Amino acid sequence: MDGTDTDTLIAMVLSMLMVPQPETAVILDALVQCDGDAQASADLITARYNNDNSSSSVCGTKRKANSSDLTDWLTAESGPSSRKPPSFKKRANFHSKTPQKIIVPANSSGSSSKRPVNLMEVLQQTPPTKPSTLRLPPLTLSSPAIVAEHTPCTQHLSILPPELACKLFYSMVDLSRSWTRNRWWLFDRVVESPHRTSFFVRKYGTDECWHEAAQYWYNGRKTELPEVFPELMEAACDYVEKIVNEEMSKRDRFPLEWAGHKPGDQLWHANVAAANCYEGGKDSVGFHSDQLTYLGPYPTIASLSLGTSRTFRLREVVPLDESNKRHARTFNIPLPHNSLIIMHAATQESFKHSIPPQSALDLHQPLYPHPSRPSPPPQPTNCRINITFRFYRPDFNPKSTPKCKCDVPTILRADMKNRHDGRADRYWWTCYAGAENDGKGCDFWQVMDMKAECRGPTFGLLS
Ligand SMILES: O=C(O)CCC(=O)C(=O)O
Ligand SMILES: [Fe+2]
């Protein structure tokens, strides 16, 4: 797994699980058996859980959602120990080839006295038994046509005028100096996102409530008030919206997609943007699907890449009722400077995405000098800027977000393992207070009910 550290691997497995969160030892065991492959480990844990609990349906009402989304970067809705579900049978023997390190130490408040897990100390040298699942090798999708053939995404190259792309890249790199690595609680430790990030709100009509929402945009954690779109981001957004609307007009709508446009409005507009800066090959983001709290079901997200080329990794979450018939495949999409990936409706429901760490990077050579630093001539850079333009739905505004027992806004997740292409999909609201509150949350879990919660209008309701 590209030398991914153990904490990241554990978080990735958690983010892929659709069964109650097992003890860390169970995850480590699965990782060991699957040679550090997070998806295969999650599948193995799920299969074992389903075997051990064959009498209770995984989608039964008592089941607790543990797939993570954390706008999610790496972690899962990691478990406060107070709500730990039953653990699986522990295995005594572990063996690991997985490199391990970090575990960002708990904050100085000292609520965790546990030292970082050193896998090598606990692992015994027992040869791993391979899981029975047939695994397909990853596939690189090297052209927009091939991306569209295999995924619910489209790729668009050279989308901004070259000078605008270059200026926007420089200005975001400059701004990114003040962006932060997000921190949250995972188990009983504080972990840190492996890249810097920030959030912007667009001055668009009277959408002012998104300033409030944006305070919670990250894992349900309250953050500073966001910036408004800088001028260059506004200019880029016009190009992005044009392409997104052209693409959307060619595709069928899903029943749960937003249909509340006023006459003459575009199908899609961006009212917020999340920006990420990846400096060097170690910066990354783990497998996740984007949190749906304010996006609502079946969102369209437009993701602009500037600077150093990185790989966008996509992997489908195969629904439970198909898991005996087919297997998920990992897709790698190279993301060159000035390219756009549109994650169309159903991407967040059916795929997880990541930017994996890379041991080697091709540097990006900017075409133009920095506008305010014309000399020396532009230097090659190892930085990648990503801007995801998003439409936060009026019917999922922060005032309508249920609060959990901790009195903190919940987050919305899709039931990815039991999806039905917009016909009978399930989503649930869960507590995310634990991300901020020393890892302690509550067991709040509520199925989202479009009708009872007065959400919409959606395309399904119109037709
Ligand atoms: O950097 C990227 O392309 C992906 C970022 C991402 O997944 C996110 O912002 O949710
Ligand atoms: Fe994402």
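Coordinate-derived values only; no laboratory data. Keep in mind that this is a model prediction, so the values were computed, not measured. Backbone-built Cβ (ideal geometry, glycine too); neighbour counts: all protein chains shown.
Across all directions of projection, what mean area in square nanometres is found for the Cα convex hull of the stretch 250-397?
12.1 nm²
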Tell me, what is the FRET efficiency for LYS451 and SER249 to the nearest 0.05, using R0 = 35 angstrom and their Cβ-Cβ distance as r? 0.80
Which of the peptides 441-451, 424-434 is most tightly packed, and how do the rest follow, going by the mean number of other Cβ atoms within 10 Å of each residue? 424-434, 441-451
At SER309 and GLU192, where each label point lies 7 Å from the Cα along Cα→Cβ, what is the point-to-point distance in nanometres? 3.1 nm
Whole-Å semi-axes of the ellipsoid equivalent to the stretch 140-395 (Cα gyration tensor, √5λ, descending): 26, 23, 21
Determine the shape class of the stretch 299-369: with a ≥ b ≥ c the square roots of the Cα gyration tensor eigenvalues, call it rounded for a/c under 1.5, and otherwise prolate if a/b is greater than b/c, oblate otherwise. oblate
Testing the spin-label approximation: label points 7 Å from Cα along Cα→Cβ at ASN324 and GLU149. State their distance in nm. 3.1 nm
In nm, the gap between the two label points placed 7 Å beyond Cα toward Cβ at ALA259 and LEU157 is 3.8 nm
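A 28 angstrom limit on the alpha carbon distance is what I want to check against. Which of LYS167/LYS242; LYS352/LYS440; LYS250/LYS282; LYS262/LYS417; LYS242/LYS262 exceed it?
Long pairs (Cα-Cα over 28 Å): LYS250/LYS282; LYS262/LYS417.
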